[in-house]
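Visitor: Below are the structure tokens for one structure; questions will follow.
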Amino acid sequence: MKKLNIYIALLLAVVSFSACDNYLDVKPKDRLIPTTTDDFRALLTSAYNGIPADKGRIAFRTDEVKLNETKYDLTEVQDIYLWNDVNQSSNTLGFSWQQYYKMIMYANHIIDAGADATEGSSEEIDQIVGEAYLLRALMHFNLVNLYGLPYNSATANTDKGVPLSLKIDTEAEYFASSVGEVYTQIVSDITDGIAKLNIETYETGLNYRFSKLAALAFQSRVYLYMGDFENARKFALEVLKVKADLQDISVDTSVLPYAYTSVESILALEDVISSMVENASFISDNMKAAFNHDNDNRFGMYFKDSDDVAGEFIITKEHQSTTKCTFRTSEMYLTIAECAAKLDDLDQARNYLNQLKAKRLLTDFYNTEVTRIAGLNKAELIAEIANERYREFAFEGHRWFDLRRTTQEQINHAYKTESATLNQGDPRYTLRYPDEAINNNPNLSN
């Protein structure tokens, strides 16, 4: 980490800023050191544009996919798919580490120096600094959920997490903070960020930026991962007070629910769908069986028949700028449903689950679902809500994290002559620190 900090500090002096007035219209402009409000906004846009796309790649470790054996060369993903994390092929795609800390570095500089920006109003400056706090929190959140143990309130203060980077210091030595410490900092950064934000929601085209509404959605997700169901439900309900829209694909399939133009979009920031997943895999048998193919409109919108192998389906959720998605309202509905069920408020859980289903299913099938769900007990309802997340957020980066924080269930994968099992509670539910991280920081080890 020490070498990494030297590297990114030097980068700061020559960083190429990107000013983005429209979601699909990124115009670079070069600066040396940010001084004006526009400079700091450009630096923040560079950070937004540089967020790693690991959430798409992590799908290979889940029960969402199976590799397409008709593809001639899958050495880039074979080890990921078989959870072979030691002595991987030299071709294996890696998961990001340094890039996350580079984006954190950008955020740290804005937090430290943004208040001194010139040629802008105090409201503009506060908004930029507030967004930087949220971005730093999101990067640490992604890191700890890739490389740290899942949050467990009983052990979080001793479980190994990831290094916290809160300032630019080329001489500092960095050690892995505990999972509890990382989450405490994430919650603190979200709180500090919200205190400075003054934009409730961004218009379509600028909704890659953190707003007050996006910050509330982020709070809800963080508390859900922490198992604090009261707070997770509370903040999800706060989001829906401002924006409760759901894309009604039960009657109109022209707009994808996860698109940045969808009425559901809260924050369209991250690339969550992988082009490698699109090109190298079929949907798993589990995924195929999770849907009612004739009555759930998501199936036809998310998947299509494979031209390679009869009976198999491929992913049609495309990896492109229009499908960037970090938070959308459907997540809030399912968060409320999950939290309510775990807090024994089964009526509220059924209500919010059914509100989402009403916008996804054909009418007759929806009516049968309402009747079926009314008869579920608590454990069955919690399982049904988990299955709904599996369907709704297929290949959007949620599944691996959902498995980590809940059942950590057994998954079996096979590719040609090889097979592997990820056992329930397997240590491989947590990624090893990358070699580059350990080589740059002798304080880290797997």
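We did not get these values from a lab; they are worked out from the coordinates using the rules stated. Being a predicted model, the structure only gives us computed values, none of them experimental. So basically every Cβ, Gly included, is an ideal-geometry build from the backbone, and we count neighbours across all protein chains shown.
Visitor: Do any of K241/K304; K304/K416; K241/K288; K243/K317 go past 31 Å between their Cα atoms, and which?
Guide: K241/K304; K241/K288
Visitor: While we're looking at this one, here's another question. At a threshold of 8 angstrom on Cα-Cα distance, excluding pairs fewer than six apart, so keeping six or more, what relative contact order does segment 289-364 reach in percent?
Guide: It comes to 27 percent, rounded to a whole number.
Visitor: In percent, how large is the relative contact order of the chain, given Cα pairs closer than 8 Å and 6 or more residues apart?
Guide: 19
Visitor: Could you let me know the centre-to-centre spacing of segment 388-438 and segment 173-238, using Cα atoms, in angstrom?
Guide: Cα centres, segment 388-438 to segment 173-238: 24 Å.
Visitor: Could you work out the helix-only [θ] at 222 nm for the chain, with each DSSP H run of four or more residues adding -39,500 (n - 2.57) and the total divided by the number of residues, to the nearest 500 deg cm²/dmol?
Guide: Calculated mean residue ellipticity at 222 nm is -14500 deg cm²/dmol.
Visitor: Please turn the phi angles of segment 139-155 into ³J(HN,Hα) values with the Karplus equation 6.51 cos²θ - 1.76 cosθ + 1.60 (θ = phi - 60°), one per residue in order, whole Hz, x for glycine and proline.
Guide: Computed from phi, the couplings for segment 139-155 are 5, 5, 5, 5, 4, 5, 8, 8, 10, x, 5, x, 5, 9, 4, 6, 10 Hz.
Visitor: Note down the magnitude of the dipole of segment 226-296 about its Cα centre, charges +1 on Lys and Arg C-beta and -1 on Asp and Glu C-beta and zero elsewhere, to the nearest 20 debye.
Guide: Value, rounded to 20: 200 debye.
Visitor: Still on this structure, please answer the following. Can you give me the relative contact order of segment 338-439 as a percent, contacts being Cα pairs under 8 Å and 6 or more apart?
Guide: 17
Visitor: Another question, then. Give the residue from A115, W83, S96 lying farthest towards the positive end of the charge dipole for the chain; charges sit on Cβ (+1 for Lys and Arg, -1 for Asp and Glu) and the dipole is referred to the Cα centre.
Guide: Positive-most Cα among the choices belongs to W83.
Visitor: Next question, about the same structure. Place the peptides 269-281, 365-377 in order of packing, highest mean first, counting for every residue the other Cβ atoms within 10 Å and averaging per peptide.
Guide: 269-281, 365-377
Visitor: Show me the ranking of peptides 185-194, 252-261 by mean Cβ neighbours inside 10 Å, starting with the highest.
Guide: Per-residue Cβ counts within 10 Å, averaged per peptide and sorted highest first, yield 185-194, 252-261.
Visitor: When all C-alpha to C-alpha distances in the chain are sorted into bins of 20 Å, what percent of pairs does each bin hold, rounded to whole numbers?
Guide: P(r) for the chain, in whole percents per bin: 25, 59, 16, 0.
Visitor: Please report the orientation-averaged projected area of segment 273-423, defined via the convex hull of its C-alpha atoms, in nm².
Guide: The orientation-averaged projected area of the Cα hull of segment 273-423 comes to 10.0 nm².
Visitor: Which of Y352, Y433, C325 sits farthest toward the positive end of the charge dipole of the chain, with +1 on the Cβ of Lys and Arg and -1 on the Cβ of Asp and Glu?
Guide: Checked the options; the winner is Y433.
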